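Structure first, commentary second.
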Amino acid sequence: MLKYSLRRLLHSLVTLFMVLTLVFLLMRLLPVEGYYGERADKLTPAQKEAILRKMGLLDPWYVQLRNFYLQLLRGDLGVSVIYRANVPVKEILAAKIPYSVAFGLGALVLSLVAGLAMGIHMAQNKGLFWDKFWTWYVVFINAVPGAVYLLFIQLYGTSITGLPMLFDRYNVRSWILPLVSMSLSGIAANAMWLRRFMVDELNKDYIRLARAKGMSSRAIMVKHVLRNAFVPLANYLPASILFTISGSIYVESLYSIPGMGGLLVTAISRQDNPLVQALVLIYSSLGILGLFLGDVLMAILDPRIRLEKQGGAR
Amino acid sequence: MMTAKEKEVIQAIEEQELFTFAQYDPEAAERTGYSDYSYWRSTIRVFLRNKTAVFLLILMTSLVAFTFIQPYLPGQKDPIKIHIDPNTGLQLRNHPPDKEFWFGTNSIGQDLWARLWSGTRTSLLIAIIVGIWEIVFGTFVGAIWGYVRPLEAFLTEAYNVISNIPTTIILMLIAYILRPSFQTMIIAMCATGWLGMARFVRNQIVIIRDREYNLASRCLGTPTGRIIVKNLLPYLVSVMVMRVALSIPGTIGWEVFLTYIGLGLPLNIPSLGNLLNEGRRVMMAPALRYQLFFPAVVLSVITVSFYVLGNAFADASDPRNHF
Amino acid sequence: MMSETCIKTQSTNMNTGVNQGINPAVADGALEAEQKAKKAEVILELKNVRVQFKGKGRKPIVAVNDVSFQVYKGETLGLVGETGSGKTSIGRAIVRINETAAGEILFKGRRINGVIPKELDREVTRKIQMIFQDPMASLNERAKVDYIVSEGLYNIGGFKDEAERRAKVEKALLEVGLLPEFASRFPHEFSGGQRQRIGIARALIMEPEFIIADEPISSLDVSIRAQVLNLLLDLQKKKGLTYLFISHDLSVVRFIADRVAVMYKGRLVELADTEELFHSPLHPYTRALLSAIPVPDPRIEKKKKVLVYDPSCHDYSKDPPRWVEIKKGHFVLANNAEIDQYLAKIDAGGLANEFLWLQ
């Protein structure tokens with residue numbers, strides 16, 4: 001187990017290293033206007049050059065790359081130049097991450113509870129009205145861009161229920177609509193996935209055997225099907241939890257939630273290069289970390305994978 | 001166990017009675033394993049059984065056809081022409097739908113009906129170009145990845161690296177670096193879309209590459225390129241059709257997303273994303289919500305239809321559903 | 001009996017034949033010449049071939065281990081063994097789908113495994129063909145029979161123009177008893193037996209000399225197996241083909257093969273002329289196999305004693321087994337003690353009675 005985890009960790013580190021390098025190279029392609037700050041138009045070419053030089057952007061690329069790695073090793077994410085001039089990126093993030101994580105985790109729990117319930121309901125009514133009804137829900141959510149249905153939820157959700165349209169951290173009622181909006185696609189994904197899993201699983205011989213032995217449907221569901229269903233779930237859960245940090249771009253901007261969701265958009269639209277770079281790095285690292293944790297967690301839960309990947313089976 | 005008596009009885013039976021020769025029927029023997037099963041015929045049959053899908057197919061075919069012939073129909077207006085109110089001499093702003101302007105005008109007096117179809121055309125065009133690229137490039141990479149074993153490890157690593165960066169970020173970065181335009185939009189989406197297709201094709205190829213007929217081809221010395229084209233790709237045509245159908249709502253969604261965050265097409269090119277954004281700006285005034293409503297409905301119908309069609313085709317093309 | 005030196009210098013010892021007629025299987029030059037004089041020319045030879053696959057862990061899975069045998073021109077060599085014994089891996093190693101980890105495969109005296117010149121590769125591709133087990137899986141469902149049959153021709157440039165290619169396809173189809181107009185159809189329109197014949201036509205069109213038939217009839221309906229077997233025999237007679245016939249069905253092998261090799265867990269355990277093998281099997285595994293052949297007479301079948309092979313009956317810890325020619329043309333995998341035992345049995349001549357029902 002430990003050996004597998006270490007190997008997997010090493011693999012993740014290599015991937016991380018390559019992603020970091022790739023991001024660095026991509027960043028060199030960004031328009032340099034993003035480094036001058038607010039007074040870009042008033043600067044003389046000489047001043048511009050001085051700024052670039054000060055930031056080390058005129059050094060040879062390998063020196064830049066080395067500095068980039070060293071900076072990261074120190075945990076330094078750089079300083080914002082436009083969004084909040086001269087404020088360290090870390091400080092900006094510290095103010096925003098709690099909101100995104102709070103909403104993200106809330107939405108994750110909601111989408112798990114509601115999604116799994118919906119999935120079970122669909123599998124039990126396979127081919128009947130409710131299965132079809134929920135399937136249409138899933139199709140709609142998957143096919144239509146979030147920008148469209150989220151807009152209508154805000155528009156009519158507030159006017160029909162009287163819930164507040166903008167987020168206010170002290171007003172619990174203002175949390176409801178954003179939370180529901182955020183969990184809609186998760187509910188759809190969980191429901192569809194669990195339905196498919198259960199339909200496949202219920203056709204397997206060991207379930208037939210359990211049935212033949214006289215096990216109740218409920219016991220079969222709980223003891224066999226759902227238990228097995230949690231193994232693949234464990235694979236993607238860590239990544240989902242980590243990604244709550246990145247927040248939801250649509251929902252946060254619609255309800256004016258001061259979270260991470262809009263930050264990357266703002267940074268890009270206002271051309272704050274150091275902020276863009278820091279955010280891209282964070283998101284990519286989160287992805288790699290999430291996959292790593294997911295694989296390790298899955299190996300703990302599913303002995304087959306552990307053995308297969310360790311090569312101890314034969 | 002047999003009793004002694006039973007044994008006796010059996011012993012007493014003449015040998016001929018124990019066994020009788022079955023009649024040999026060469027006709028019947030020839031027919032074993034015979035079936036008049038035809039893959040495409042069955043696929044179409046199963047697809048046609050799905051009434052919703054058939055309806056949506058007809059709907060989409062007519063809609064796409066209409067979108068492309070609409071500008072040539074009589075009495076159509078120019079989507080970017082700003083109409084002037086003859087009474088006031090000002091722009092005909094936010095004119096509600098009537099006989100003249102079927103879907104009304106927008107906040108600067110452009111005809112929403114014309115803009116809507118022009119926008120649909122733009123968005124579909126992007127989606128189709130990206131879809132075709134996804135097929136061509138994704139299949140190419142996927143086929144090599146799945147079939148050329150020396151490259152397998154390298155491509156797997158490359159995939160792991162690229163797929164670790166969220167699509168949203170890649171899209172935004174490319175759109176940011178290149179500045180908004182029609183080409184940028186296409187390049188950005190082409191840069192990300194093929195990844196999923198490549199992995200998909202690769203997984204399919206891994207499933208079928210070791211089937212016996214591929215071994216037979218290798219025995220005959222068939223070069224890898226022809227094995228891919230003749231033995232593997234024909235089996236993938238159906239899944240490719242499905243992927244394209246499913247990629248259309250995906251691409252439209254990304255277009256809406258990029259527009260939403262301000263990296264979309266320039267305003268003088270109507271697209272579904274642009275129209276939706278224009279509608280969003282005026283949505284707080286109930287009287288003007290038609291500007292949001294019309295694009296949203298058309299966009300939803302298109303995305304849902306292609307999504308359903310893709311899935312229906314996927315079901316129909318799965319041989320397990322053919323019996 | 002056998003001297004120590006003889007064991008250690010298994011493949012280089014020049015005078016092994018002196019030792020009570022025991023020859024190491026890997027023949028040296030003198031022996032080869034001797035055999036050539038007596039029998040036909042050797043078309044294919046395997047020398048200590050080993051095939052292994054990447055296992056799940058670090059340890060490779062050895063599918064074929066130290067296998068040596070010769071195939072003579074014009075004969076049919078049957079290769080029998082249970083599922084997973086490595087018989088298919090041998091066949092695939094010869095057609096170079098599976099790589100060999102050690103040893104040599106010689107076709108007409110030239111090495112064909114590993115890296116070989118392009119022109120030899122072309123020649124071998126043409127002259128060694130394979131017939132596959134499952135006619136349902138071995139034909140490309142999305143290609144017309146015309147393409148399937150002429151696929152090999154495209155690769156070797158085996159035709160000048162379209163007309164010649166068509167003529168060749170037509171001829172190949174006729175040879176296997178199919179109508180030329182079937183060329184424009186798809187495989188799913190044919191029955192199992194017909195599909196197998198398409199597979200044979202696909203091999204024949206290359207004008208091969210050596211054909212590996214990998215369980216060619218085991219997935220066919222019992223009633224048409226004979227047809228396909230007879231077709232193979234006819235073609236052999238007409239074209240002087242050599243077959244390596246891989247099967248798990250001893251009765252079929254007895255019907256078609258001139259000589260039979262028995263395989264167990266990646267190693268050959270016995271090889272002899274068909275009748276010799278069926279009359280006087282030596283290796284306990286062969287004997288177990290033979291005893292398991294069903295007899296179409298319930299009275300005998302009932303009394304028949306089925307032997308069970310237990311690999312632990314060999315004590316190979318101190319004295320590892322070798323592949324030896326214990327009698328002219330009769331090879332067996334045995335160690336010194338067993339060789340003595342087998343020789344004694346042969347001398348006594350009392351083996352034939354054991355499998356009386358097979359006679």
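For the set C:151, C:123, solvent exposure ranked by accessible area (probe 1.4 Å, protein chains only) runs largest to smallest as C:123, C:151.
Averaged over all directions, how much area does the convex hull of the C-alpha atoms of segment A:188-314 cover when projected, in nm²?
If you wrap the Cα atoms of segment A:188-314 in a convex hull and average its projections, you get 11.4 nm².
Long hydrophobic helices in chain B: the complete DSSP H runs spanning 24 Å or more by Cα along their own axis with mean Kyte-Doolittle hydropathy of at least -1.0 are B:51-69, B:112-133, B:182-208, B:233-260, B:290-317.
Which trypsin sites (Lys or Arg not before Pro) from segment B:42-89 combine a DSSP loop assignment with at most 14 other Cβ atoms within 10 Å?
Answer by residue number: B:81.
Annotation: residue C:181 carries an accessible surface of approximately 110 Å², with a 1.4 Å probe and no ligand, DNA or RNA atoms counted. The simple Förster model, with R0 at 41 Å and r as the Cβ-Cβ distance, assigns residue A:128 and residue C:218 a FRET efficiency of 0.35. Structure note, pairs C:108/C:237; C:144/C:239; B:230/C:127; C:302/C:345; B:5/C:305; C:118/C:265: Cα-Cα distances above 29 angstrom occur for C:118/C:265. Lys-Lys pairs in chain A that are eight or more residues apart or on separate chains and whose Cα atoms lie under 21 Å of each other come to 8.
Largest accessible area first, the listed residues B:52, B:303 line up as B:52, B:303 when surface is computed with a 1.4 Å probe on the assembled protein chains. Each semi-axis of the equivalent ellipsoid for segment B:111-235 is √(5λ) with λ an eigenvalue of the Cα gyration tensor; in descending order they amount to 36, 18, 10 Å. Derived from the Cα gyration tensor, the three semi-axes of the equivalent ellipsoid of segment A:3-158 are 46, 24, 15 Å, largest first. For segment C:154-243, what class follows from the C-alpha gyration tensor (a ≥ b ≥ c being the square roots of its eigenvalues): rounded when a/c is under 1.5, otherwise prolate if a/b is larger than b/c, else oblate? Cα axes put segment C:154-243 in the oblate bin. Phi angles across segment A:260-275 convert, under the Karplus curve 6.51 cos²θ - 1.76 cosθ + 1.60 with θ = phi - 60°, into 3J(HN,Hα) values of 6, x, x, 4, 4, 4, 4, 4, 5, 5, 9, 6, 9, 4, x, 5 Hz, Gly and Pro given as x.
Each Lys and Arg adds +1 at its Cβ and each Asp and Glu adds -1 at its Cβ; summed about the Cα centre, segment A:95-310 shows a dipole of about 760 debye. Close amide-amide hydrogen proximity is noted between residue C:79 and C:245, C:246, C:247, C:261, each under 5 Å apart and 5 or more residues distant or on a separate chain (H modeled in the peptide plane; Pro and chain starts excluded).
For segment C:85-155 versus segment C:201-259, the inter-centroid distance based on Cα atoms is 16 Å.
Prolate is the label for segment B:43-321, because a/c, from the alpha-carbon gyration tensor with a ≥ b ≥ c as root eigenvalues, is 1.5 or above and a/b exceeds b/c.
Shown in residue order for segment C:173-187 are the 3J(HN,Hα) couplings computed by the Karplus curve 6.51 cos²θ - 1.76 cosθ + 1.60 at θ = phi - 60°: 5, 4, 4, 9, x, 10, 7, x, 6, 5, 4, 8, 9, 9, x Hz (x for Gly and Pro). Across the options C:137, B:208, A:148, the greatest Cα extent toward the positive end of the charge dipole of the protein assembly as shown (unit charges at beta carbon of Lys, Arg, Asp, Glu) belongs to A:148. For the protein assembly as shown, the alpha carbon convex hull comes to 263 Å³ per residue, rounded to a whole number. Counting only protein heavy atoms and using a 1.4 Å probe, the accessible area of residue C:248 comes to about 100 Å².
Computed with a 1.4 Å probe over protein heavy atoms only, the accessible area of residue A:11 comes to about 70 Å². Taking all C-alpha pairs of chain A, those more than 31 Å from each other amount to 48 percent.
As a size descriptor, the averaged projected area of the C-alpha convex hull of segment A:212-260 was calculated at 5.3 nm².
Give a quick list of trypsin sites (Lys or Arg not before Pro) in segment A:189-221 that DSSP marks as loop, anything other than H, G, I, E or B, with at most 10 other Cβ atoms within 10 Å.
A:213
Given +1 at the Cβ of Lys and Arg, -1 at the Cβ of Asp and Glu and no other charges, the dipole of the protein assembly as shown around its Cα centre is 2360 debye to the nearest 20.
The values are calculated or read from the model by the stated rules, or taken from the named source; none is laboratory data. These numbers were taken from a predicted model, which means no experiment stands behind them. Here Cβ is always computed from backbone atoms with ideal geometry, including for glycine, and neighbour counts include all displayed protein chains. Each accessible area value is taken on the protein alone, full model and side chains, heavy atoms only, with ligands, DNA and RNA left out. Shrake-Rupley method; radii C 1.70, N 1.55, O 1.52, S 1.80 Å.
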